[in-house]
Amino acid sequence: MPELHMSRPQSFRSESAFRIAWVALAPLRATTPFQTVAVSFWLIDRGGSFTQVGLAVALPTFAALVGIVLGGWLTDRSNPLRLLLWQNIVALCIALTLLLSGRMEQYSEVAVIATISVYGLVNGLSGPAARALTPRLLDESRYNFGNSVYSSITNLATIIGPLFGGVVYSSAGFEWCILANIGALLFGAIIMFVLSVRTRTSRVLADGAGEVGFIAGVTAALKFAVATRWLLVLMGVDAVIDVVTAGLFQTGFRALSAPLGGSAVFGVVMAAYGIGAIAGAWAAGQSRGWGLKAFAVVMVANIGQAPLIAVLPIVDVGPMLFMLVWVGALNGYANVVYMSFVFSRIPASMAGRVSSLLMAASLSLQPVGIACFGAIVDVIGVVNLFLVCAGVLLVVSVVALVLWRGIKSQLRLEVTDGQ
């Protein structure tokens, strides 16, 4: 077995650094959607086509996939705080370029789309690094807390980012949207510089792990995921749920809101779910961990969502919003327990790469769910769509629990880097 090298700072110092890092990351996560909003409406105001608007949204998403995979590899090779520092600096330069380009009449729409796509790639680097702050700065007993912070801030940014981005664009224009993002990047870079100098992150690396090339590193993570049965089952369940969730959010909830008031109701629907998700993540963060029971807890939370999802289209608005809060809470709780379980059972030297695989799989499957569910609504209607989603969620979770009985013994052995 390769020799292991460990260096962990005192818990108080690590947790303080974790909290400060997320103080810096929170405004950045909230203002990053400002760029997409600003560029989309900038293109429309200049008379650009909706094809260009679609590219301005789609290309940064695909670029982020590449950035996420690359970010996972870089995270396992380095201090995630230092990686976030350089990511902020590079993103700041790109945002400044975008600001200047928006003010230049001769700057082409194609160049603006290319610039925001490069920003998407660089922004993707931050995903695995931000995830890795939990296992690299916190003790295992605080993983639920760390993942709840990640989940809560991400969910909140998803709700308020596009909302406030639209408000800023309509009231102040393109420049102020980009300036808000630039301010967050500058603030984040300063904080990450101070933290990267003053804080030592824990490192558990086998000899030579820091010299593993990109292709070899990603391949090793894929082989590990395939060879680890419990992780493979979790990833399979997560993939199916990502397809269902993306389809419900972007297609199902819109179809549900259309006869009730359209876009205004859709915003309230998403807010109800988001509030529940934040509350669920916070509740999970207060617990010390479920140990081997975490797998079953995640599946039971998924099963609990199924009946609520099934009846959403057939109840009045008030009960529907109430149930959406609970659906969000169960999902938020499950997500935190899920990631804490993964971090506590995988080699620390693969935390970044495994996180990047999970994030990349989720992001790449979302368009599949959105496209498929749109076609399904046209064929079977909204009520049947929600019944199908609930059924899929229920069946997949029950099957996972059955499989869990056969692989639980594997997790009774402590996972180490040499295995």
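Every read-out reported here was derived from the displayed coordinates using simple, explicitly stated rules and does not represent laboratory data. Bear in mind the structure is a predicted one, so any value in this text is a computation, not a measurement. Quick reminder, even Gly has a Cβ in these numbers, built from the backbone with ideal geometry, and neighbours come from all protein chains shown.
Key figures for this structure:
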| quantity | calculated |
| --- | --- |
| Among 87, 52, 305: highest mean-square fluctuation, GNM of the chain, C-alpha pairs under 10 Å | 52 |
| Cβ-derived FRET efficiency at R0 41 Å, residue 197 paired with residue 392, nearest 0.05 | 0.25 |
| Of 321, 81, 133, the one that fluctuates the most in a GNM where the chain has Cα springs shorter than 10 Å | 321 |
| Among 25, 100, 65: highest mean-square fluctuation, GNM of the chain, C-alpha pairs under 10 Å | 100 |
| Pairwise centroid distance, computed over Cα atoms, of the range 147-183 with the range 281-350, Å | 25 Å |
| Taking the range 72-140 and dividing mean pair separation by its residue count, relative contact order in percent (alpha carbons under 8 Å, at least six apart) | 50 percent |
| Residue 384-residue 114 pseudo-label distance in nm [points 7 Å out on the Cα-to-Cβ vector] | 4.8 nm |
| Efficiency of FRET between residue 96 and residue 364 - r from beta-carbon atoms, R0 30 angstrom, step 0.05 | 0.50 |
| 12 Å beta-carbon shell around residue 154, net charge (K/R +1, D/E -1) | +2 |
| For the chain, calculated [θ]222 nm from helices alone, where every DSSP H run of n ≥ 4 adds -39500 (n - 2.57) | -28000 deg cm²/dmol |
| Normalised contact order of the chain, rounded percent, pairs of Cα under 8 Å and 6 or more residues apart | 26 percent |
| 10 Å-binned pair-distance histogram of the chain (Cα, whole percent) | 5, 21, 31, 27, 13, 3, 0 |
| Rg to Rh, two decimals, where the range 4-211 supplies the alpha carbon set and Rh follows Kirkwood | 1.02 |
| Unit charges on C-beta of K, R, D, E only; dipole of the range 4-211, Debye | 600 debye |
